[in-house]
Structures are given as C-alpha cells and as structure tokens.
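The numbers here are math on the coordinates, done by the rules we state, and not lab data. In this text the structure is predicted, and so the values were computed from the model without any measurement. Every residue, glycine among them, receives a Cβ derived from its backbone with ideal geometry; neighbour counts consider all protein chains shown.
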Amino acid sequence: MILGMDFKKFLMVVLAGIALSACATQKKAGMMAGDVYTGSDTVEYLATGVKDRVFFATNKSTLTTASRDTLRKQAAWMRKKKDLKFTIEGHADERGTREYNLALGERRANAVKDYLMTYGINGSRLSVISYGKERPVNSGSSPLAWSQNRRSVTVKAD
C-alpha cells in the first residue's frame, strides 16, 4: 500500500512537471525560436508574428530574400506606430577582430535602416548601433552559433 501511494505521488509530480514545462515553452502564434521584441508594445508586436531580426551570410551585409520579407513586415507594423522610434542593432559572429566586427555590424544595421526607409519609415525614427561580436545570442563556437550571431535586431528605442 505504501509503495502504491509513493507511485501515485511520483506520477502526480511527473505529470505536474510536464504540464508546467509545456506552459513555460509555449510560443506565440507565428513566432520562431529566438524572436523577441523589447518594448512597451510587446504583446501587440508579438501577436503580429513579425520577427525582430534578420540574418546575414559570413562577412556580408547584403539582405537576403527572407530578410527583405521580414523587413517589409516590420515596416508595415512601424507605419501603424508613428509615435515609436527604433534602434537597429548590428551584430557579428566571434570570428574576426573587434574592429572588423564593429564595422560589419554597422554595415548590417545600416542596410536594414536603408531598406526600412525605402518602405516609408522616416530615417529620424531609426537609429543604428553596432555591437560587433560583443553580444552573442549563442556563445558557442560552431557554424550554428555563428549563423545565429550574424544578425540585425530591431528594438524599440528608449
């Protein structure tokens, strides 16, 4: 009988753990892993399913087809929020010198800014900053980590 009670308690703990972990990892509809928007309009922004970041090839600052699609969606959302300003953060992977990666991050952020401006976003609403390799989202040293760190992220300016 005691063994039966312990098993029931054990089973309840396991089921509760599974239920809690499912709640903790549930994503907003349309969002991908790593999609984050920091700002006071977070809930509304996430509900649109618009990603906040675009990715780049190694040593490149040219926008891919997927990046341009994401940026068109960002621009459409930004046009609805005329009172908000944004900072475009440029990032690089760990390879290369600090100076090279800061310059590359700036080129990436400026490429995003220029593209958003072609879709009607006033340049005075967009600022650019480069973090180079200083703020990786994946601290690993692998092709996967590098691809995740070669990015530009659009955030609401303070």
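Using alpha carbon coordinates only, what is the Rg to Rh ratio of the stretch 31-156, with Rh defined as the Kirkwood radius?
0.95
Report the relative contact order of the stretch 31-156, percent, no decimals, based on alpha-carbon pairs under 8 angstrom and at least 6 residues apart.
Normalised by residue count, the contact order of the stretch 31-156 is 33 percent.
Compute, for the stretch 76-158, the length of the dipole vector about the Cα centre, with Cβ point charges of +1 (Lys, Arg) and -1 (Asp, Glu) only. Units Debye, rounded to 20.
Value, rounded to 20: 380 debye.
For the stretch 31-156, what is the number of Lys pairs with C-alpha distance below 22 angstrom, counting only pairs 8 or more positions apart or on separate chains?
So the count works out to 27.
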